[in-house]
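Below is one structure; the comments refer to it alone.
The values are calculated or read from the model by the stated rules, or taken from the named source; none is laboratory data. Just so we're clear, the structure is a prediction, and the values are computed from it rather than from any experiment. Here Cβ is always computed from backbone atoms with ideal geometry, including for glycine, and neighbour counts include all displayed protein chains.
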Amino acid sequence: MLKPLTMASTGGAVPPPTPSTPTARANNIGSRCRSKRKTIVNRDCNNLIENTILQLNTTLQSIQTNASFTNFDVQTWLSTALTNIEICRSGSRDLNVTKFSSPILSGNVSELISNSLATNGGLLDNSSSSYHSSDDNGYPAWVSGRDRELLQDLELASRANVIVAKDGSGQFRSIQAAINYATARRVGNGRVVVYVKRGVYRENILISRTMNKVMLVGDGLRFTVITGSRSVSSGFTTYSSATVGIDGIGFIARGITFRNTAGPQNGQAVALRSASDLSVFYACGFEGYQDTLFVHAQRQFYKACYIYGTIDFIFGNAAVVFQNCIIYVRRPLVGQANVITAQGRGDPFQNTGISIHNSRIMPARDLKPVVRSFKTYLGRPWQQYSRTVIMKSYLDSLVSPEGWSRWEDSDFALSTLYYGEYQNFGPGGSTRNRVKWPGYHVISSPNVANRFTVANLIAGRAWLPSTGVPFTAGL
């Protein structure tokens with residue numbers, strides 16, 4: 001198990017907020033902010049600081065108490081902590097807050113985390129143990145027997161803790177109000193199930209890091225829609241533009257569409273941001289243009305979903321698998337090119353990446369008539385060690401022959417990224433004219449491709465069975 005990030009390197013567990021801690025000082029900075037932009041950046045960073053403290057404390061406690069967690073878990077928590085720090089920095093760039101500073105951005109916190117990632121990464125490579133701790137039945141420790149029964153129930157709506165309905169036929173008209181109520185009154189550690197009846201719900205929702213094991217059940221992605229219109233051009237960071245933001249562990253959504261209607265002219269505008277570890281999205285929709293789906297951090301699984309967008313519309317630094325999904329590329333603004341992914345791995349030892357498996361990449365209805373007028377790329381490197389793999393998927397003719405794009409016409413990360421394709425097919429699936437970068441790979445070995453499956457990238461065999469969601473563990 002990890003050694004460098006211990007008492008010697010941190011002085012013990014990171015304390016909860018007090019008047020002298022980084023979080024409290026960030027709050028004091030926030031109270032003195034005189035502009036909306038600075039206030040938003042401060043609020044984002046405050047949340048990210050607290051989440052980073054949580055990840056580091058979880059890591060330390062698992063080491064010091066010899067808890068039943070593996071090196072893979074530790075690597076995930078450290079990866080998230082480092083990602084949070086970078087997202088804090090990028091938020092100030094989004095809104096051009098040039099003089100913004102935060103305690104988490106100073107000192108050697110990032111360096112300590114990177115060193116710990118490197119050391120623990122070596123242990124992970126040499127470990128013969130399973131990727132995720134589990135009990136004798138193959139379920140992770142936090143999943144109770146009662147929870148498993150609930151998650152496998154096909155009539156979840158009838159067993160909901162609360163019901164949301166636009167027409168007043170439920171206990172609540174607001175999804176956020178229902179989540180707040182149900183989580184505050186939770187008995188024990190059971191799952192909270194919120195049934196959202198058909199309707200278009202115009203609200204921005206936050207499921208905070210204290211709201212674990214929340215499940216949203218809709219009437220189907222065409223009928224239950226959560227929509228917002230925040231964007232960077234309207235004064236929000238990419239992080240805070242999300243219509244729905246999720247931080248609590250073990251989130252599940254089924255039969256819901258998450259939408260951002262800001263439009264292509266307003267730049268980054270997120271429909272859903274998730275940093276929920278061990279989270280599942282099943283038969284859901286994600287609709288937007290630039291930056292539609294922010295897979296921020298932790299382990300995530302998307303099954304039978306629809307994702308719509310134009311530029312970098314699947315982005316972030318989670319360990320995430322998309323399986324049996326349809327990715328629809330929309331019509332961008334004149335002069336723009338479409339880019340599907342922008343993966344944000346900033347450290348070579350982070351166990352993160354985007355895997356698109358057994359899926360389809362297609363032009364959306366508005367792009368079809370003019371598809372030859374716009375280039376479409378599979379991805380571009382948001383960070384130095386960007387990692388994306390597309391496997392056994394159908395690529396329509398909209399995919400440009402070169403396949404992948406540079407970041408703003410630069411040579412950034414071309415030798416350090418890892419982009420791979422394995423047994424894709426369709427008119428856009430040929431790798432004959434793909435880019436010749438050092439970091440691009442036409443994968444021929446099943447052993448290499450297996451690194452990016454549900455079983456290995458997100459340790460899915462250990463926790464997905466508990467959700468009742470169908471999945472393919474291997475290729």
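When region 220-266 is limited to residues that are of a type in the set (Lys, Arg) and out of contact with any helix residue (DSSP H, G or I) (no Cβ under 7 Å at 6 or more places or on another chain), the one that is nearest to residue 467 (Cα to Cα) turns out to be 254. Does any residue of region 409-432 turn out to be modelled with pLDDT under 95, in the same structural domain as residue 306 (by TED's automatic domain parsing) and farther than 25 Å from residue 300 by Cα? Yes, region 409-432 has at least one match. Any residue at all in region 354-369 that is of a type in the set (S, T, N, Q) and farther than 27 Å from residue 445 by Cβ? For region 354-369, residues of a type in the set (S, T, N, Q) and farther than 27 Å from residue 445 by Cβ: absent. Being within 21 Å of residue 437 (Cβ to Cβ) and in contact with a Leu (Cβ under 7 Å, 6 or more places away or on another chain) is the filter; apply it to region 360-386 and report the residue that is surrounded by the fewest Cβ atoms within 10 Å (Cβ to Cβ). Among those that are within 21 Å of residue 437 (Cβ to Cβ) and in contact with a Leu (Cβ under 7 Å, 6 or more places away or on another chain), it is 385.
Considering region 85-99, and only residues there that are among the small types (Gly, Ala, Ser) and closer than 15 Å to residue 36 by Cβ, the residue that is surrounded by the fewest Cβ atoms within 10 Å (Cβ to Cβ) turns out to be 92.
For residue 273, the conditions (1) surrounded by fewer than 24 Cβ atoms within 10 Å (Cβ to Cβ); (2) not in a loop (DSSP other than H, G, I, E, B) are fulfilled apart from (1). Report yes if some residue within region 301-313 is part of a loop (DSSP other than H, G, I, E, B), over 12 Å from the mean Cα position of the chain (by Cα) and among the basic types (Lys, Arg); otherwise report no. No, region 301-313 contains no residue that is part of a loop (DSSP other than H, G, I, E, B), over 12 Å from the mean Cα position of the chain (by Cα) and among the basic types (Lys, Arg).
Selection within region 425-453: residues that are within 20 Å of residue 380 (Cβ to Cβ) and basic (Lys, Arg). The member of this set that is surrounded by the fewest Cβ atoms within 10 Å (Cβ to Cβ) is 436.
When residue 104 is tested against (1) at pLDDT 70 or above; (2) in a helix (DSSP H, G or I); (3) farther than 30 Å from residue 197 by Cα, exactly one condition is not met: (1). Quick check on region 336-349. Is at least one of its residues within 18 Å of residue 381 (Cα to Cα), assigned to a strand (DSSP E or B), out of contact with any His (no Cβ under 7 Å at 6 or more places or on another chain) and among the charged types (D, E, K, R)? Looking through region 336-349, none of the residues is within 18 Å of residue 381 (Cα to Cα), assigned to a strand (DSSP E or B), out of contact with any His (no Cβ under 7 Å at 6 or more places or on another chain) and among the charged types (D, E, K, R). Taken together, 114, 68, 62 contain a single residue that is of a type in the set (Gly, Ala, Ser) and modelled with pLDDT under 80, which is 68. The condition of being without any contact (Cβ under 8 Å) to a residue 60 or more places away in the chain, under 17 Å from the mean Cα position of the chain (by Cα) and within 27 Å of residue 54 (Cβ to Cβ) does not hold for residue 276. Of all residues in region 154-184, those being closer than 19 Å to residue 252 by Cα and not in a helix (DSSP H, G or I) number 8. Going by the conditions given, is residue 342 at pLDDT 95 or above, farther than 29 Å from residue 233 by Cα, of a type in the set (A, V, I, L, M) and in contact with a Phe, Trp or Tyr (Cβ under 8 Å, 6 or more places away or on another chain)? No. Quick check, is residue 453 closer than 19 Å to residue 349 by Cα, assigned by TED's automatic domain parsing to the domain that holds residue 388 and among the hydroxyl-bearing types (Ser, Thr, Tyr)? Spelling it out, residue 453 is indeed closer than 19 Å to residue 349 by Cα, assigned by TED's automatic domain parsing to the domain that holds residue 388 and among the hydroxyl-bearing types (Ser, Thr, Tyr).
Within region 250-270, restricting attention to residues that are within 17 Å of residue 217 (Cα to Cα), part of a loop (DSSP other than H, G, I, E, B) and not small (Gly, Ala, Ser), the residue that is farthest from the chain's Cα centre (by Cα) is 256.
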